[in-house]
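The values are calculated or read from the model by the stated rules, or taken from the named source; none is laboratory data. For clarity, every value in this text was computed on a predicted model and none was experimentally measured. Every residue, glycine among them, receives a Cβ derived from its backbone with ideal geometry; neighbour counts consider all protein chains shown. With ligands, DNA and RNA removed, areas are computed over all heavy atoms of the protein, side chains included. Shrake-Rupley method; radii C 1.70, N 1.55, O 1.52, S 1.80 Å.
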Amino acid sequence: MLLFDIETLARPEAVSQLPTPEAPSTYKDPAKIADYIERKRADQFAAAALDPDTARVACIAWRDAEKPKDEIEVHIAGDDEERPHIPNGVHVTVYPDDDGNHEGEILIRFWNALTEHQGCSTGYNILGFDFPFLLRRSMALGVRPTVLPHLARYQNAPTRDLYSLLYNWQPGKGLKTVCELYGIENPLARFDGGDYANMSLQGQIEYAANDVRLTRELYLRMDGIY
């Protein structure tokens, strides 16, 4: 079973096509109007990173959910001249962020990995976010998945969404909060997905690998109960 997590970033060219925010009609001061528009633009950009119409896949990290010592694979777009330190137990493939093809290449590698696991997968909120995002970006880039994920609700195979199972397909809490509640150690607890864009390549690799580690710890905690 392939356990995975994705990281996404806004595409500036797509965000620039969004409607320009307008200040309330009660605003008269030009400085306050400009400040309001700037803040709303920043909110647009932050939200755009989670929308497949305005964002891209920047990183996918995965490992086998069952093998005790399986290496975490991190496939990430970035500057391959940075020479980041690779954490133990992690294998990193960096796709140059300026070649225009990195996202499609990452998607192809992911679909191939899912095929190697016979389409069996697990993760946190992968039915609500990860898989829909991956499919939309694959469609946009003309990448043909080698296996299609099962997206039906109320299932635990071949797609096992820990978030859906834990909260019985109702709204629930984020991965980091759940790990804190259940005593799963998180060395990067001060960061969340909103910080990813401002991290160095080194930080992004560590963050992506840590999310996979946290997800597997939760998977093991839930195993036999859900």
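Values as computed for the structure displayed
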{"quantity": "Every residue from the range 130-149 that is surrounded by 15 or more Cβ atoms within 10 Å (Cβ to Cβ), free of Cβ contacts under 8 Å to residues at least 40 places away in the same chain and either out of contact with any Asp or Glu (no Cβ under 7 Å at 6 or more places or on another chain) or at positive phi (or both)", "calculated": "Phe131, Leu135, Ser138, Val143, Pro145, Val147, Pro149"}
{"quantity": "Qualifying residue in the range 50-67 (condition: open to solvent by less than 20 Å² (accessible area, probe 1.4 Å), in a loop (DSSP other than H, G, I, E, B), of a type in the set (Ser, Thr, Tyr) and farther than 23 Å from Cys120 by Cα)", "calculated": "yes"}
{"quantity": "Residue match in the range 13-26 (condition: open to solvent by less than 50 Å² (accessible area, probe 1.4 Å) and within 26 Å of Leu127 (Cα to Cα))", "calculated": "yes"}
{"quantity": "Every residue from the range 102-120 that is closer than 22 Å to Thr215 by Cβ and either aromatic (Phe, Trp, Tyr) or touching a helix residue (DSSP H, G or I) at 6+ places or on another chain (Cβ under 6 Å) (or both)", "calculated": "Leu107, Phe110, Trp111"}
{"quantity": "Cβ pairs under 6 Å, 6+ apart, first in the range 177-202 and over 21 Å from Ile86 (Cβ atoms) and among the β-branched types (Val, Ile, Thr), second modelled with pLDDT of 95 or more and open to solvent by 60 Å² or more (accessible area, probe 1.4 Å)", "calculated": "Ile184/Glu217"}
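For every residue, the table says whether it meets (1) under 14 Å from Thr8 (Cβ atoms); (2) under 15 Å from the mean Cα position of the chain (by Cα); (3) not in a helix (DSSP H, G or I).
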site: Leu107; (1), (2), (3): yes, yes, no
site: Phe110; (1), (2), (3): yes, yes, no
site: Leu114; (1), (2), (3): no, no, no
site: Thr122; (1), (2), (3): no, yes, yes
site: Phe131; (1), (2), (3): yes, yes, no
site: Arg136; (1), (2), (3): yes, yes, no
site: Thr146; (1), (2), (3): no, no, yes
site: Pro149; (1), (2), (3): no, no, yes
site: Tyr154; (1), (2), (3): no, no, yes
